[in-house]
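Read the structure below first, then the notes.
What follows draws every value from the coordinates through simple rules; no lab data is involved. Remember, it's a predicted structure, so these values are computed and weren't measured experimentally. A quick note on method: Cβ atoms are made from the backbone with ideal geometry, for glycine too, and the neighbour counts reach across all protein chains shown.
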Amino acid sequence: MTGTLNPEKVSGKIVLCDRGVNPRVQKGSVVKAAGGAGMVLTNTAANGEELVADAHLLPATAGTKLGIEPSPVVAAFSSRGPNSITPEVLKPDMIAPGVNILAGWSGAIGPTGLAEDNRRVGFNIISGTSMSCPHVSGLAALLKAAHPDWSPAAIRSALMTTAYTAYKDGKVIQDVATGKPSTPFDHGAGHVDPVSALNPGLVYDLTVEDYLNFLCALNYTAQQINSLARRNFSCDSSKQYSLNDLNYPSFAVSLKAQMGSTSGSAGGTNVVKHTRTLTNVGSPGTYKVSVSTASESVKISVEPGTLTFSQTNEKRIVYGDIQCNFEGIEYKCVW
């Protein structure tokens with residue numbers, strides 16, 4: 001941190017710094033201000049084996065590895081779930097490249113972004129979710145150019161349903177922060193696959209009305225909804241709105257355990273129902289449901305088990321039941 005180094009001990013030395021919480025380039029600035037000749041930045045457990053390039057103000061290294069495998073991996077800084085606002089909506093949606101990305105850079109500030117950095121460059125190597133976002137935005141533009149009639153929701157669906165979660169050897173994408181296989185709360189639907197997204201076959205589409213109904217399910221007031229929608233809209237008091245009916249390409253189920261009726265211990269069974277509408281954007285064909293669960297406590301059923309489409313833009317509705325048996329206070333199911 002600023003002002004923490006003793007120049008008498010640091011001057012002319014190469015300083016070893018833990019990654020910590022303040023910006024990596026700021027650590028280098030502190031070392032330089034104290035007279036240090038260079039810096040080696042080491043990761044703490046929270047950063048795992050991640051290596052991020054920076055435009056340091058002094059000679060510095062965070063280590064280098066060649067021929068990294070596996071690739072891609074979930075970055076340590078990647079935004080993680082579960083969704084703290086609406087747990088029923090699985091987040092993140094997907095992951096995309098965001099580590100050590102060559103990007104255009106404003107000449108208004110130096111490559112580190114620090115006030116004392118007087119250097120000016122036209123390009124920089126940047127890491128963060130701010131780099132993943134333009135990758136996905138570019139893919140959305142690519143899909144929109146190929147399919148001008150697709151809605152934003154259809155484009156998002158195509159990117160999500162064609163994303164991959166495993167390497168060619170079948171192993172799940174690794175989380176570099178832990179060194180373990182990532183989970184849906186780390187990778188969402190998976191890593192984007194641009195070519196596959198061009199032809200997803202089926203999409204989960206959404207309209208403005210769907211989002212307004214979603215706000216009704218969240219118990220938004222008419223004033224709150226109107227301020228967002230910029231139109232007059234009132235929730236129908238005679239209608240039962242459900243968060244589970246939002247036609248999203250993925251969802252999460254968080255179920256609280258119920259007290260056992262006889263033993264008095266935590267346990268029980270709960271069933272959550274979801275409804276989804278699928279739109280065929282490909283050739284006529286038949287799709288069959290495939291279900292896999294990681295726990296015997298979870299049972300999933302989908303009706304109908306087979307969907308047949310005879311034309312483009314044809315729609316079909318599916319109903320899903322997720323049943324969880326409890327052995328503890330809480331059990332979470334993700335589909």
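When only the Cβ of Lys, Arg, Asp and Glu is charged (+1, +1, -1, -1), the dipole of the stretch 1-57 relative to its Cα centre reaches about 200 debye.
Considering only Cα atoms, the convex hull volume of the stretch 160-236 works out to 159 Å³ per residue.
Counting only aspartates and glutamates at least 8 places from Lys13 when in the same chain, there are none with an alpha carbon closer than 17 Å to its own.
Remark: the stretch 128-137, residue by residue, has Karplus-estimated 3J(HN,Hα) of x, 5, 5, 8, 5, 4, x, 4, 5, 4 Hz, where x stands for each Gly or Pro and the curve is 6.51 cos²θ - 1.76 cosθ + 1.60 at θ = phi - 60°. Between Ile101 and Ile126, Ser127, the built amide H atoms are under 5 Å apart, and every one of these is 5 or more places off in sequence or on another chain.
Bridging of Lys9 to aspartates and glutamates at a Cα separation below 12 Å is possible for none of them, once same-chain residues fewer than 8 apart are set aside. Phi-derived couplings, Karplus 6.51 cos²θ - 1.76 cosθ + 1.60 at θ = phi - 60°, listed residue by residue for the stretch 119-127: 6, 10, 9, x, 9, 8, 9, 10, 10 Hz, with x used for Gly and Pro.
Summary of the geometry: the stretch 267-302 and the stretch 100-173, compared by the centres of their Cα atoms, lie 31 Å apart. Cross-link reach is defined here as a Cα-Cα straight distance under 28 Å, omitting same-chain residues fewer than 8 places apart; for Lys288 the lysines meeting it are Lys91, Lys144, Lys168, Lys171, Lys273, Lys299, Lys315, Lys332.
Please label the shape of the stretch 45-189 as rounded, prolate or oblate, based on the square roots a ≥ b ≥ c of the eigenvalues of the alpha-carbon gyration tensor (a/c under 1.5 means rounded; beyond that, a/b larger than b/c means prolate, else oblate). Cα axes put the stretch 45-189 in the oblate bin.
Taking the Cα centre as origin and putting +1 on Lys and Arg beta-carbons and -1 on Asp and Glu beta-carbons, what dipole magnitude results for the chain, to the nearest 20 debye?
In total the dipole reaches around 500 debye.
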